[in-house]
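Read the structure below first, then the notes.
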Protein chains: 2
Amino acid sequence: MTATADRSEREVAGDTPALIPTPTGADTITTEGAPEQTDTQGTDAPGTTASATPTGPIPVVPEGGARLDVAAVSQALKGRWAESRDVARERAARPELHKPYDVSVAEHRARVLEQMHLLVADDASHKMLPEHLGGPNDNGGNVAAFEELVVADPSLQIKAGVQWGLFTAAIIQLGNEEQHRTWVPDAMSLQIPGAFAMTEIGHGSDVQSLATTATYDEGTQEWVIHTPFRAAWKDYLGNAALHARAATVFARLITQGVDHGVHCFYVPVRDEEGKLLPGISSEDDGPKGGLNGIDNGRLAFDQVRIPRTNLLNRYGDVAEDGTYTSPIESPGRRFFTMLGTLVQGRVSLDGAANRASQLALHIAITYATQRRQFTAADPTREMVLLDYQSHLQRLMPKLAATYAGAFAHEQLLQAFDDVFSGRGDTPEAREDLETMAAALKPTSTRLALDTVQECREACGGAGFMAENQLVGLHQDLDVYATFEGDNTVLLQLVAKRLLSDYTSELKNIDRAGIGRFIAQRAEVLAKRHTPWTRLAQDLSDRGNSKRAFDTMRSAGFQEEMLADRARVKVEEVALSMRPAARMSPTDAAAHVNKHQVEMLDAARAHAELVLWRAFTAGIEALEDEDSRTVLTDVRDLFGLDRINADLAWFLLNGQISAQRGRQITSDLRRLLWRLRPHALDLVAAFDVRPGHVRAPIALGGEQERQDEAAAYHRAQRASSDTPVSEKVLRDRAQKDKRAQKK
Amino acid sequence: MTATADRSEREVAGDTPALIPTPTGADTITTEGAPEQTDTQGTDAPGTTASATPTGPIPVVPEGGARLDVAAVSQALKGRWAESRDVARERAARPELHKPYDVSVAEHRARVLEQMHLLVADDASHKMLPEHLGGPNDNGGNVAAFEELVVADPSLQIKAGVQWGLFTAAIIQLGNEEQHRTWVPDAMSLQIPGAFAMTEIGHGSDVQSLATTATYDEGTQEWVIHTPFRAAWKDYLGNAALHARAATVFARLITQGVDHGVHCFYVPVRDEEGKLLPGISSEDDGPKGGLNGIDNGRLAFDQVRIPRTNLLNRYGDVAEDGTYTSPIESPGRRFFTMLGTLVQGRVSLDGAANRASQLALHIAITYATQRRQFTAADPTREMVLLDYQSHLQRLMPKLAATYAGAFAHEQLLQAFDDVFSGRGDTPEAREDLETMAAALKPTSTRLALDTVQECREACGGAGFMAENQLVGLHQDLDVYATFEGDNTVLLQLVAKRLLSDYTSELKNIDRAGIGRFIAQRAEVLAKRHTPWTRLAQDLSDRGNSKRAFDTMRSAGFQEEMLADRARVKVEEVALSMRPAARMSPTDAAAHVNKHQVEMLDAARAHAELVLWRAFTAGIEALEDEDSRTVLTDVRDLFGLDRINADLAWFLLNGQISAQRGRQITSDLRRLLWRLRPHALDLVAAFDVRPGHVRAPIALGGEQERQDEAAAYHRAQRASSDTPVSEKVLRDRAQKDKRAQKK
């Protein structure tokens, strides 16, 4: 493995001096809107930047320019549960909780199990407990803390999630108080490690089709849990391969010959010595792409009998005689109410994914301000990576999206806390919470994977070394995109909710409303068929790219664009689905399937609007004006980047004029340079601490090497017996020859 | 780890029956252009599909429709060195060469070293030897075979590449015949494992700035190899941590006080017992993101002395008295000539990345034709994943790009063989070869990473299991994007070559040529400023989307679009760089840096044109008309997908009319359905064999489970004591109530 060289800048430049100048940058950037000097940022950056607020020399901000108040922004990003996060961040910095390198799957699993006991010793999950179990019922604070574990070891975060966020939470959310008192204490203390046995090999996201059965036997007043075929084995369950002594098993409840759909049962699976109980089978999922600190595995049940009272019976119960009752009449509603209690998994993945992006950006941007490569203008000084336009282009839009993601996550977490604390627990609030989680979890997990990968590549060979954390982060985060609700399935869910809202709206509008609707449609079509213009845009922009830049950076413009897009895309899908109403179910399904990609696209447009609005609201809530100014540039970068990514759509729908369309990329680049001096501040506000950052390339190692090399070259230049370059000699000789001719 | 359920299709559909039908598809797809029945493809697929040509039931192709000749297309993909590939594919299927799971870094390294000896026993690299060393000088055949190892274990492919493709090849390409006879036999036999010591910690892609020195000592007639500071340590070198006994070290040649730039030296580093020789230091890079079967490490030299004759002196030599001579006068040209001999690394990575994409697509598409999930229209039969529009959209464009990549790689390999065999070794041919390699290696390695990741996610939880190969493939392929020339640096190289060609063209044109140039520019600007139209497109398309579809599928249209784009993008960059010619070097560098992203974009546009043309030429060379028909659809999918990805540019530059712009996405989706019945054939032509595929999900495991579950459900439906669903009972009761009311 090695990098080989390239026909260098100088060489090609030498070939065509007239038109093509030396095509690398220089230390001093003189781009419009950029600071006169940015190189001191790289040169004088402190040896380690892994502190909350940089204490060393800082990026040069243009005179009179705004400067980010790192502490204030950091506090805003931490949100309502800042205190909980602070404690958790201290915890996540402890070496004994960190991910090991080059250990076997067995060793990693054993280590994470030990770490789980350290969390118990810390009483780390106490906040989740409701009052009658002696806890504060602080769901927001609990999830906030739990997310922070991702920077210690994602395996620990997810194993803790399995034990307390899924297994224990299922008992709390779906069981009665008697059941809580019986099982929750041992689950909290890890006396009983548990598996959350929902997913089957044959059914992941389609839980309604699970095939495991729980049949009530009136004679013995027991449930008989049974796995009817191979595809019905429970699979991918954390704790199932080794550690679980019990499981919350999702199975079809059957009593008196009626199948009441999927319910949850508490089923012991191993004895105190860890031996499988009679009728229980288990298999190990073996090594995975990441998260190898978790013993994922399979479970199957061969006519396993458990007491009647092991049904977690909050939403459905069976009397001794086998009579089924439920507080929720509709089987469908009942099922989704039961599943709805599990939304916290998605909420916490959203937060953890966001935190992982922050760690990756901290590493890559720190390195990019110290690492130097290539030079042209100044032969004695190479340029730091972040001063290359392409490097800014790789990292800064991801930084902007990560800011948007953090503010949006805080809104999601507050919505979650409102519902789960009971303060705002209405069916509508639950549905909104689920839709928001379904929109944000796919967005943030996708962003995290893309960001971590971009960061890893932006660090070159160093990024591939395990010690620099980025590859491991990608490996562990990988499955965040497909578990706890596959991203595609979740986005489809969002799209359906949007369509359903749209059609209810249509149904409910009065006569005047219909007029408004028709007028709106007409407006959409008019925009689309007015070639090439939104006349107003062109008139206002005429001959003035500065003015257009200002307009596009206005919150009003961006919001209008993103909101119109979200609305029109839903409307288009709804309209294109109308014919299906008159078709046979089979034809209708095929027709709908022909619009599935558009549906997903509409859901993504909606998610981006949610992010943009959350970011904007987050900025408005800041008191420090300077910080607002800097973050508004970041928000603009996010907004314009998202518009630019879908620019063809905006052009084709007449939402954006050709003139603005042509200008948007240059405006984006202008924003990159405006933000360049703030890059380290923006990363510092993430509050990624020493202990979270363990990558040597982001802990001063690179800077130290650069300084040593620079000192060597300085000494060389000062010395008289330094070898002269053949090229210099040749150039000198040619010059002499030319001089003689004249 | 578990997937939780979602507000299902049925539920939401139930809310809004009028406008939104049940939003899943059905077994029978009735899309225009699609076959009436596609479900038999999934249902009846043979237990294992990992054979070159499927022998079981096959996808249903519309009556009279063309059918891919799998054997013929497979042969075409194997190209000129089909025989060499066949032997190598047999080899890659041998279990003893396969990647192990869950082993320590040390164990994996030991295993790969053993595998290397198996390759020696096979004489697997014999083809690379020139005639005077007893070989056939079959460089194309050698590289073709070597690429195929990627499906056994990428670590083996790359370790073999280090030993023979870099270390041994450096001796052959840069040394004289005496040196060949001295060192090559032991390198070939692995008596002397070697490192290729080019990259330094401080300098990866910028080889010209390497800091290691080789200073000639006339007194002893020795070279003194020295590492002046920490950043000059050689790093990331395969074999350096443990196995290397010698290294080809790149260092600045200094003699008689003159620095002649980077040359290559043969330096012993360890003795027969593996102990480091005096003055040599080594460090282990430790665990990496992938490729852990290779012992990457660092090397440093403390005044290490080697004989004068250890300079590999083909392009530069030093006499006993220290006088430097070279057959190439310009130091720049000399340097790039030396490096040019190493292009084979990039060529082979291009081929290996392509092969990895093929393996990933084989696994994901096989699984997608067997795996079923969700149903709406038919309650007893779920739909196979590949019948979902979004699933086709995820996988088929990547399949199309992989086809393009395979045909382009074959052209690259032939160009490489022409140059390296000496048959077509001109400076122009070398430069073209290097440019093509610099364009294709970033494209194919990026495609491979994206394809493998998409395939892994498309397989859900199963995709995350190590045994299903996809995660490991991503981990190993990850670094392909940054080694052997970082992808960004290579694309910049391509852009510079394109700019340089463009400006030479301008310089060389005569008066008439200038007229043509001005006319061309005028045309570009006219297109751009003619709002919204290419009049001809709109006239010819008017009211006829079928005709527009046919036009866009014409090779002429696609080539015009892709070629115009490649040309105009280069032209735009060249024009925007003009002002730099009158600037100071510093300002010029900053100005150029402001256009770096555009340069990279122009290079990508060029690469896509190269791929499209290679694909088209590959189809034209096929004799079987049916295969040409099917592959033309695949080519159209590739071409239109690439145009669509940059649609805003085409619209803004007036290259594509709004009408066509709006139609292109629906045309793309039409192509997806047209290709759906050919999916398994298209994958079969990749000739991914049993032994290459080791993923249980692609070896019939999923189909077996589906069949067993289907049999169970059939039996249930036939039985009288099967539980009735509560929902069915409720629906029935409500119906009865309604009937009574009437």
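Can you give me the angle between helix B:511-529 and the longest principal axis of chain B, using Cα atoms only, in degrees from 0 to 90, rounded to the nearest 10?
Computed tilt is about 40 degrees.
Please give the calculated 222 nm ellipticity per residue for chain B, where each DSSP H segment of at least 4 residues contributes -39500 (n - 2.57) and the sum is spread over every residue; nearest 500 deg cm²/dmol?
It lands at -17000 deg cm²/dmol.
Would you work out the relative contact order for chain A, in percent, from Cα pairs under 8 angstrom that are 6 or more residues apart?
18 percent
Could you let me know the centre-to-centre spacing of region B:418-468 and region B:361-404, using Cα atoms, in angstrom?
25 Å
How much accessible area is lost when chains A and B come together, counting both sides, with a 1.4 Å probe, in Å² rounded to the nearest 100?
14800 Å²
So, R0 is 45 Å and r is the distance between the beta-carbons of A:LYS546 and B:VAL103; what FRET efficiency does that work out to, to 0.05?
The value I calculate is 0.15.
As an exercise, use a Förster radius of 35 Å and the Cβ-Cβ distance of A:ASP302 and A:ALA121 to find the FRET efficiency, rounded to the nearest 0.05.
For R0 = 35 Å, the calculated efficiency reads 0.40.
So, in nm, how far is label A:GLU63 from label B:LEU276 when the simple model puts each one 7 Å beyond its Cα toward the Cβ?
5.2 nm
Using a 10 Å cut-off on Cβ to Cβ distances, tally the other chain neighbours for every residue of A:500-508 and report the average as a whole number.
Other-chain Cβ atoms within 10 Å of each residue's Cβ, averaged: 3.
Just to confirm the numbers: B:ASP321, label point 7 angstrom along the Cα-Cβ line, distances to the other copies in nm, shortest first?
Nearest to farthest, the other copies are at 11.9 nm.
Can you compute the charge dipole magnitude of chain B about its Cα centre, using +1 on each Lys and Arg Cβ and -1 on each Asp and Glu Cβ, nothing else charged? Give it in debye, rounded to the nearest 20.
Charge dipole, chain B, about its Cα centre: 2760 debye, nearest 20.
Hey, which of these cross-link pairs are over 29 Å Cα-Cα: A:LYS441/B:LYS99; A:LYS737/B:LYS569; A:LYS546/A:LYS569; A:LYS398/A:LYS507; B:LYS441/B:LYS594?
A:LYS441/B:LYS99; A:LYS737/B:LYS569; A:LYS546/A:LYS569; A:LYS398/A:LYS507
Roughly how many whole Å is it from the C-alpha centroid of region A:261-299 to that of region A:671-736?
52 Å
What are the label-to-label distances in nm, one decimal and shortest first, from A:LYS737 to the same spot in the other copies, with labels 7 Å along Cα to Cβ?
When each copy's label point is compared with this one, the spacings are 10.3 nm.
At q = 0.26 Å⁻¹, work out log10 I(q)/I(0) for region A:660-742 with the Debye formula, treating every Cα as an identical point scatterer and leaving solvent out; two decimals please.
Normalising to I(0) and taking log10 leaves -1.19.
Show me the three semi-axes of the equivalent ellipsoid for region B:332-436, from the C-alpha gyration tensor (sqrt of 5 times each eigenvalue), largest first, rounded to whole Å.
45, 10, 10
May I ask which residue of B:MET128, B:ALA144, B:HIS108 lies farthest towards the positive end of the charge dipole of region B:92-151, with charges of +1 (Lys, Arg) and -1 (Asp, Glu) on Cβ and the Cα centre as origin?
B:HIS108
With the Cα gyration tensor of the protein assembly as shown in hand, give its eigenvalues times 5 under a square root as the equivalent ellipsoid semi-axes, listed largest first in whole angstrom.
Rounded to whole Å, the semi-axes are 53, 37, 34.
Could you tell me which residue out of B:ASN354, B:LEU440, B:TYR367 lies farthest along the dipole of region B:318-468 toward its positive end? Charges go on the beta carbon: Lys and Arg +1, Asp and Glu -1, centred on the Cα centre.
B:TYR367
Tell me, what does the Kirkwood hydrodynamic radius of region A:94-341 come to in angstroms if you use every pair of distinct C-alpha atoms?
Across region A:94-341, the inverse of the average 1/r is 18.4 Å.
Using a basic spin-label model with each label point 7 Å from the Cα along Cα→Cβ, how many nm lie between A:GLU505 and A:ALA71?
4.5 nm
May I ask you to derive the FRET efficiency for A:ALA715 and A:GLU320 from their Cβ-Cβ distance with R0 = 56 Å, giving the value to the nearest 0.05?
The value I calculate is 0.05.
Name the residue farthest towards the positive end of the dipole of region B:587-742 from the options B:GLY701, B:GLN740, B:SER719, assuming +1 on Cβ of Lys and Arg, -1 on Cβ of Asp and Glu, about the Cα centre.
B:GLN740
Considering only protein heavy atoms and a probe of 1.4 Å, how much of the accessible area of the protein assembly as shown is carbon and sulfur, as a whole percent?
Result for the protein assembly as shown: 51 percent of the exposed heavy-atom area is carbon or sulfur.
Mind checking the angle between helix A:555-577 and chain A's longest principal axis? C-alpha axes, 0 to 90 degrees, to the nearest 10.
Helix A:555-577 sits at roughly 50 degrees to that axis.
Enter the angle in degrees (range 0 to 90, nearest 10) between the Cα long axis of helix A:389-421 and the first principal axis of the Cα atoms of chain A, meaning the one along which they spread out most.
So the helix axis and the longest Cα principal axis differ by about 30 degrees.
Just the ratio, please: alpha-carbon radius of gyration of region A:344-684 over 2.2 N^0.38 Å, N its number of residues.
Ratio of Cα Rg to 2.2 N^0.38 Å: 1.08.
Just how far, in whole angstrom, is region B:472-509 from region A:141-218 if you go by their alpha carbon centroids?
Using only Cα atoms, the two centres lie 50 Å from each other.
So between A:ARG94 and A:ASP731, what do we pick up on full extension, going 0.36 nm a residue minus the alpha carbon distance?
Here the answer is 223.5 nm.
Taking each residue in B:453-461, count the Cβ atoms of any other chain within 10 Å of its Cβ, then average. What number comes out?
5
If you place +1 on the Cβ of every Lys and Arg and -1 on the Cβ of every Asp and Glu, how big does the dipole about the Cα centre of region B:296-449 come out, in debye to the nearest 20?
Magnitude of the dipole: close to 680 debye.
How big is the equivalent ellipsoid of region A:589-649 along its three axes, where each semi-axis is √(5λ) from the Cα gyration tensor, reported in whole Å from largest to smallest?
Ellipsoid semi-axes (Å, largest first): 33, 12, 4.
Taking Rh as the Kirkwood radius computed over C-alpha pairs, what is the Stokes-Einstein D of chain B at 10 °C in a medium of viscosity 1.306 mPa s, expressed in µm² per second?
After rounding, the answer is 55 µm²/s.
Given Cα positions, please report Rg to Rh for region A:64-205, the hydrodynamic radius being the Kirkwood one.
Across region A:64-205, the Cα-based Rg/Rh ratio is 1.05.
The values are calculated or read from the model by the stated rules, or taken from the named source; none is laboratory data. Because the structure is predicted, anything quoted here is derived from the model rather than measured. Here the Cβ is made from the backbone with ideal geometry for all residues, glycine too, and neighbour counts use every protein chain on show. For the accessible areas, the whole protein counts, side chains as well, though only heavy atoms, and no ligand, DNA or RNA atoms are used. Shrake-Rupley method; radii C 1.70, N 1.55, O 1.52, S 1.80 Å.
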